[in-house]
């Protein structure tokens with residue numbers, strides 16, 4: 001099947017609670033948008049969302065894997081690479097998903113697991129974002 005997608009496109013990835021590490025990271029996104037609109041090797045410009053709609057660039061990375069799966073079938077070992085340590089298990093992730101997407105988010109939904117590698121982290125007050 002032919003595709004019109006050009007590999008290496010750049011995408012903006014927004015985080016309300018940016019806890020990133022250099023190297024391997026995982027983020028879980030509701031629905032299939034990230035599955036449909038991205039490809040392996042696409043670049044990510046990663047930003048923190050501010051309370052007033054302001055965005056500060058934190059990091060740069062590249063998508064190295066992705067999967068569209070039911071929430072309850074996310075492998076626990078994948079969550080060990082979750083960008084936010086409070087989301088390293090399904091219970092903590094569910095709480096964060098309800099905060100991000102609203103209380104109507106259900107563990108019965110499909111999600112896209114985006115696996116990405118961070119190659120640059122911005123310093124914040126002399127420290128880098130993340131662990």
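Quick one: in the stretch 107-128, which of the residues that are farther than 16 Å from residue 81 by Cβ and out of contact with any helix residue (DSSP H, G or I) (no Cβ under 8 Å at 6 or more places or on another chain) is modelled with the highest pLDDT?
Once the filter is applied, the top-ranked residue is 120.
Please list, ordered by residue number, the strands (runs of 3 or more DSSP E) wholly in the stretch 14-101 having 2 or more residues that are more than 15 Å from residue 120 (Cβ to Cβ). Walk me through it before giving the result.
Working: elements: 23-30, 43-49, 55-70.
Output list reads 23-30, 55-70.
With respect to residue 79, is the statement that it is closer than 17 Å to residue 115 by Cβ, surrounded by fewer than 17 Cβ atoms within 10 Å (Cβ to Cβ) and in contact with a helix residue (DSSP H, G or I) (Cβ under 8 Å, 6 or more places away or on another chain) true? Full working, then the answer.
Working: closer than 17 Å to residue 115 by Cβ: yes; surrounded by fewer than 17 Cβ atoms within 10 Å (Cβ to Cβ): no; in contact with a helix residue (DSSP H, G or I) (Cβ under 8 Å, 6 or more places away or on another chain): yes.
When the stated conditions are applied, residue 79 does not pass them.
The values are calculated or read from the model by the stated rules, or taken from the named source; none is laboratory data. Small disclaimer: the values here were computed from a predicted structure and weren't measured. In this analysis, Cβ positions are derived from the backbone assuming ideal geometry, glycine residues included, and neighbour counts consider all displayed protein chains.
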